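Derivation of every value follows stated rules applied to the coordinates shown; laboratory data play no part. Small disclaimer: the values here were computed from a predicted structure and weren't measured. Methodologically, a virtual Cβ is constructed for each residue, glycine included, from the backbone with ideal geometry; neighbour enumeration extends over all protein chains shown.
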Amino acid sequence: MSGLARRIDDAALIDQHVHGCWLTAGDRARFENALNEANTGPLAEFDSGFDSQLGFAIRAHCAPVLGLPRHAAAEEYWERRSRYSEIELARLFLSSAGVSDWLVDTGVGGDVADVAELEALSGNRAREIVRLEEVAEQAAQAPGDYAAAFGEILHRRAAAAVGTKSILAYRGGFDGDLTEPSAAEVARAAGRWRDRGGVRLDDRVLLRFGLHQGLRLGLPLQLHVGFGDRDCDLHKANPLLLLDFLRQTDTPIVLLHCYPYEREAGYLAQAFNHVYVDGGLSINHLGARGPAFIARLLEMAPFRKILYSSDGFGPAELHFLGARLWRNGIHRVLRGFVDTGDWSEADALRVVDLIARVNATRVYRLGAR
Amino acid sequence: MSGLARRIDDAALIDQHVHGCWLTAGDRARFENALNEANTGPLAEFDSGFDSQLGFAIRAHCAPVLGLPRHAAAEEYWERRSRYSEIELARLFLSSAGVSDWLVDTGVGGDVADVAELEALSGNRAREIVRLEEVAEQAAQAPGDYAAAFGEILHRRAAAAVGTKSILAYRGGFDGDLTEPSAAEVARAAGRWRDRGGVRLDDRVLLRFGLHQGLRLGLPLQLHVGFGDRDCDLHKANPLLLLDFLRQTDTPIVLLHCYPYEREAGYLAQAFNHVYVDGGLSINHLGARGPAFIARLLEMAPFRKILYSSDGFGPAELHFLGARLWRNGIHRVLRGFVDTGDWSEADALRVVDLIARVNATRVYRLGAR
Amino acid sequence: MSGLARRIDDAALIDQHVHGCWLTAGDRARFENALNEANTGPLAEFDSGFDSQLGFAIRAHCAPVLGLPRHAAAEEYWERRSRYSEIELARLFLSSAGVSDWLVDTGVGGDVADVAELEALSGNRAREIVRLEEVAEQAAQAPGDYAAAFGEILHRRAAAAVGTKSILAYRGGFDGDLTEPSAAEVARAAGRWRDRGGVRLDDRVLLRFGLHQGLRLGLPLQLHVGFGDRDCDLHKANPLLLLDFLRQTDTPIVLLHCYPYEREAGYLAQAFNHVYVDGGLSINHLGARGPAFIARLLEMAPFRKILYSSDGFGPAELHFLGARLWRNGIHRVLRGFVDTGDWSEADALRVVDLIARVNATRVYRLGAR
């Protein structure tokens, strides 16, 4: 094993964007649907979540964690997985991921682990990322002035958090005005929204208000970019549509996932001192194609502006697999750079450290905590 | 030869989108122009259709079929080709393609083989794909109510067909409203179009009408996506612009060609149970770069949602070369996945079968015929 | 060393788009900022221009020119570089580039070498490319009718030049009307602009006027496309937005840089006899990822439509490194095509010659000079 391979395998990762894993049992359909990110309903009868890059990657890399041979058949994998409770699976996969810190976006619903449970199940540290749209929905239900309630909730929750997150990509996308609305506009929009029940925020004025409140905190703001489920109009989640927004602030902004716009995102990370990129979710879903994607992330983005995350949600396999595939992919890519003489081995070792934890430690000020 | 290489070479392909090959002699300019897809006029005097990936691929892979060494010079290739009639070339190249079924879009004009002639020349089965814009042009010339005529022609032609096809990409592109127009709108638009002569459909109302009539049949609808000639505004042929249209139906929709939007197309195939992707035309034109493209088709698209086609039209070389390049490319890509341990050899064999024929057999219900 | 490697190393390149190198001393911040193209201000304190693909490539490939080992540390590199004057660095790096002709866009300000100085420092030929927006700014300051002054300056400057250049991408981008404005529109717009001082042209009417005046000259028109600094809205620099403009002329148009739209640009080079592509700036900034980019440039673009440039500006390293990385990249890519049997070695040798100098010699009529 080369020094580079060892360094990559030994790196204790900061998984800077992740969600809870399942805590309670579910059927095979739940599991297979969780392997397809983009589809919002059940898979077609002729289809299987296993027949995808992610499905193949689970059979290749997760099967051995459960004591099966690599590439165990789908049937076999499901049968073996079913012998464990989700809690047991979480313990197994989380502790096998080689992660030291989980930064947890708690804004997704469902019966999944919270920050404290992730800590307990993994044996690692976990910190919260506060989802701005969830704060908005809490403010809509609170009594009194919306903006004041939003500010109060945000500050209270942010006190223990390391960053904020927005899913603007899912609520109309990035195009259009993203400046800060006036107090009067916010009050009017909040009134209308509360009249409609104040659930599932999609009002642009309030989305913009939330974003700018998040920026004002000074904590890094994570943005879902590109690939996700089909509620998101993918072409409206192109990060280049954020240019004017990015020009308005110098609070750190982290572009997550980014597929198929990872080259555009890398450009933004070069163009703006406060912009960061992370392949997130895409790496799990790309499976054997992960290295090609990771290589593109290493194009225009300066190396001090690239982060790691798994975006694991649901099956604990994803929290583990993200790390496994990132290690495999970065090794393939950097090994190539070194073998052609373009990089020195020392260059490669240092970039591994930067992406694995140095950059995230700096951006989220984890060292000071 | 490995088991994977053998399986790929032996696979009897379903070429799910193809046109007729030439039947009558032409000069060298006709041939060289046919090697450039995007240009609509004659090539510049300083240029040669041979000096492109497709041209190099023809010299590499088609020359041996004509008894020449690989990489025979362009001059030599043309000289040798000229010794054969187009009928003889068709017999040679079609029968060498390793295809079992041709699904033929008959909507392109010109002196090319029809469905029966393709069957006879190749010795394989051939089935028709009905081009909706051609049905529209026939309905414009028919007496009486346009919508009724369209429906009558479509049902008559579709009775023996396995799918429909639209070239909306060439008639204004995908952006804008793609909902079904009202009967009154259709009648008004048809009246205006018939007054203008009823040739070359580019009226959006009637294009939308045709699409929805096609969907209602329930047969798979093929859509030209991305790369084609310059009559198509390439940025308006981005399949993400189809999102709202795709949300309106569950009839199978096959995205053809897709370059340079193959990753976006793969995403749609993951997002919608009824959406399929196929690299089509792009593979011939990418020549030595085909493997990189095929690899990207294998990113987000579930493996049961990927199809094969050559889009061959004109020179019979293209019907053969599409298959040859697909085999070379898929072998390169899957061999790589297996060699790195990401896939098992059995995984690779199964995915070859899916793309080569299993998926197409299911989508077009070819088994039942 | 293979015949292909030798041919590539020996090729005397025409660097068809370049600027002056520095002539006077500067500090380390100037140097590191010059390694980040997209950022317009100083780098963040936590960042370093060396920690990027370009920075790593300078340490790998430029260090030996200064007598250092490959991959010398950033500190060491800067220390060694500081022992030389910029004039000495220019002599070293320009003469090591293996370039025979520099086509120099003189429209960038700053204390850099002009055409004659580049000739003297390199020992090669240099020719001018006239930037149309600079002509406009000169015409704004000239007495009398704007259009007449523009025409007079353009013709005078173009007499000794080999092409023109536009940075429309930086002045609002490509979308919107790009037809030729009327004389009256030009006069009105020029009056308004002169009233505002006539500096930094961003009036669309006058930009369009300049473009069409440039086209009318018949000299090749270079267009900045894609990647550049953040004053450019990258999504408005997508070359597909030029489709209608390209349809209006048959004057040669050269698409420069093109990242991340190099596949779109290659398509345009196939679609239009008068359109050319060049990776320019992108290759330096991609460093170890250059081969992947160069490979994509060799997809849809016919081989007689591809050019080479470094876009060097500022540090003389860039004039050298562009050539070094292009040689490394094209070798990697073509070697691959030959090794898989897709191309013959003779094919590869010929394509090297085409891109290195044959195409540029024809387009810019350099042979006749």
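P(r) tail for region B:77-161, what percent of Cα pairs lie past 16 Å?
Numbers: 2221 of 3570 pairs.
The calculated P(r) of region B:77-161 puts 62 percent of pairs beyond 16 Å.
Using the basic label-point model (7 angstrom from Cα toward the beta carbon), what is the C:R6 to A:R362 distance in nanometres?
Placing both labels 7 Å along Cα→Cβ, they lie 4.7 nm apart.
When only Cα pairs under 8 Å and 6 or more residues apart are kept, what is the percent relative contact order across region A:235-350?
The value is 21 percent.
Given R₀ = 35 Å, what would the calculated FRET efficiency be for B:A159 paired with B:Q248, taking r from the Cβ atoms and rounding to 0.05? Walk me through the numbers before you get to the answer.
Details: r = 25 Å, r/R0 = 0.72.
E(calc), rounded to 0.05, equals 0.90.
When the Debye formula is applied to the Cα atoms of chain B, each taken as the same point scatterer, what base-10 log of I(q)/I(0) results at q = 0.07, 0.09 Å⁻¹?
Debye intensities relative to I(0), on a log10 scale: -0.30, -0.50.
Just to be sure I understand: of the beta bridges DSSP finds with both ends in the protein assembly as shown, what percent are antiparallel, rounded to 5?
5
Using only Cα atoms, find the angle between the long axis of helix C:204-217 and the longest principal axis of chain C, and express it within 0 to 90 degrees, rounded to the nearest 10.
Computed tilt is about 70 degrees.
For region C:65-128, what's the relative contact order in percent, using C-alpha pairs closer than 8 Å and at least 6 residues apart?
With pairs under 8 Å counted, the relative contact order is 32 percent.
Write down the percent of antiparallel bridges among all DSSP beta bridges whose residues are both part of chain C, to the nearest 5.
5
Run the helix sum for the protein assembly as shown: -39,500 (n - 2.57) per DSSP H stretch of 4+ residues, divided by residue count, reported at 222 nm to the nearest 500 deg cm²/dmol.
Taken over the protein assembly as shown, the calculation gives -12500 deg cm²/dmol.
Under the definition of partner shielding as Cβ atoms of other protein chains within 10 Å of a residue Cβ, what is the mean value for peptide B:341-348?
That average works out to 6.
Give me the inter-chain shielding for B:12-22: mean count of other chain Cβ atoms within 10 Å, whole number please.
Numbers: counts 0, 0, 0, 0, 0, 0, 0, 0, 0, 0, 0.
Going residue by residue through B:12-22 and averaging, the value is 0.
If one takes the longest principal axis of the Cα atoms in chain B, at what angle in degrees, from 0 to 90 and to the nearest 10, does the Cα axis of helix B:146-158 lie?
Helix B:146-158 sits at roughly 30 degrees to that axis.
Once the Cα gyration tensor of the protein assembly as shown is found, what semi-axes does its equivalent ellipsoid get, as square roots of 5 times the eigenvalues, in whole Å, sorted largest first?
Details: eigenvalues 333, 332, 205 Å².
After diagonalising the Cα gyration tensor, the semi-axes are 41, 41, 32 Å.
From the cross-link list A:K165/C:K236; A:K305/B:K236; B:K305/C:K305; A:K236/B:K305; A:K236/C:K305, which pairs have alpha carbons spaced over 30 Å apart?
Violating the 30 Å Cα-Cα cut-off are A:K305/B:K236; B:K305/C:K305; A:K236/C:K305.
Note down the relative contact order for chain C as a percent, whole number, built from C-alpha pairs under 8 angstrom at least six residues apart.
Worked out over chain C, it gives 22 percent.
Taking the label point 7 Å from Cα in the Cβ direction, how far apart in nm is C:P64 from each other copy of itself, listed shortest first?
Here C:P64 shows inter-copy label distances of 3.8, 3.8 nm.
At 7 angstrom along the Cα-to-beta-carbon line, where would the label on A:G172 sit relative to the other copies? Give the distances in nm, shortest first.
2.8, 2.8
Could you give, in nm with one decimal, how far A:S85 is from each other copy of that position, shortest first, with labels 7 Å out from Cα toward Cβ?
Result for A:S85, in nm, nearest copy first: 7.9, 7.9.
Could you tell me which residue in chain B puts its beta carbon nearest the axis mapping B onto C, with the distance rounded to whole Å?
B:A292, 5
Average the reciprocal distances over every distinct pair of alpha-carbons in region B:1-106, invert the result, and give the Kirkwood radius in Å.
It is 15.5 Å.
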